[in-house]
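Only one structure is covered here, and it is reproduced in the block below.
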Amino acid sequence: MSTRERSGCPISLSLELLGDRWTLLIIRDLVFAGKRHFREFLQSDEGISSRTLAERLQTLQEEGILTRSDDPTHRLKAIYRLTEAGIHLLPVLATLGAWGSKYRKADDDLAQIATELADGGEPALARVKERLRQEYLG
C-alpha cells in the first residue's frame with residue numbers, strides 16, 4: 001500500500017493512509033476488540049487476506065500508528081500496539097460508527113455502542129483514550 005502524498009490537503013493526506021477498507025478495521029479491532037496478534041486480525045468477520053493484513057500492518061508501523069514487538073510468551077508471535085497517534089483515531093472511529101448506525105443496517109448492539117460513544121462527546125472519548133493509553137502505552 002503506497003502512502004505517496006499527492007497534495008498538502010489534510011483530508012487527502014489522511015485518506016492516503018486510512019482511506020482503504022482494511023486499515024480502519026484493523027485499528028477498530030485494536031481499539032474495541034483488544035486484538036493484538038496477526039491471527040486474531042485474520043479472524044475478523046470481514047475476512048481480510050493474510051497478504052493484505054501484512055501489508056496494512058507494515059504501513060501502519062511505518063506511519064507511526066502502531067508498533068510491533070516480539071511476544072514474550074511465544075517466539076513466533078508478534079504483538080501489535082497502538083501509538084498515541086493511533087489512539088487519537090478514536091474520534092474518527094466513533095463518528096464513522098455513529099454515522100453507520102444511523103444510515104446503514106448495523107447490528108443493534110454494535111450500533112448502540114457506537115452511538116453512545118459518539119453521543120458521550122469528549123468526556124466519553126477521553127475515558128476510552130485513557131483506557132487505551134493504559135493498555136498500549138502504560
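List of remarks:
- Look at (1) assigned to a loop (DSSP other than H, G, I, E, B); (2) touching a residue at least 40 places away in the same chain (Cβ under 8 Å); (3) out of contact with any helix residue (DSSP H, G or I) (no Cβ under 9 Å at 6 or more places or on another chain) and you find that Gly34 fails only one, number (3).
Here's the yes/no breakdown for (1) open to solvent by less than 60 Å² (accessible area, probe 1.4 Å); (2) polar (S, T, N, Q):
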site	(1), (2)
Arg6	no, no
Ser12	yes, yes
Ile26	yes, no
Glu40	no, no
Gln43	no, yes
Leu53	yes, no
Leu57	yes, no
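- Test: Ile48 is farther than 21 Å from Pro91 by Cβ, open to solvent by less than 50 Å² (accessible area, probe 1.4 Å) and modelled with pLDDT of 90 or more: yes
The values are calculated or read from the model by the stated rules, or taken from the named source; none is laboratory data. Keep in mind that this is a model prediction, so the values were computed, not measured. All Cβ positions, even for glycine, are placed from backbone atoms using ideal geometry, and neighbour counts span all protein chains on display. Quick note on the areas: whole protein, heavy atoms, side chains included, nothing else; ligands and nucleic acids left out. Shrake-Rupley method; radii C 1.70, N 1.55, O 1.52, S 1.80 Å.
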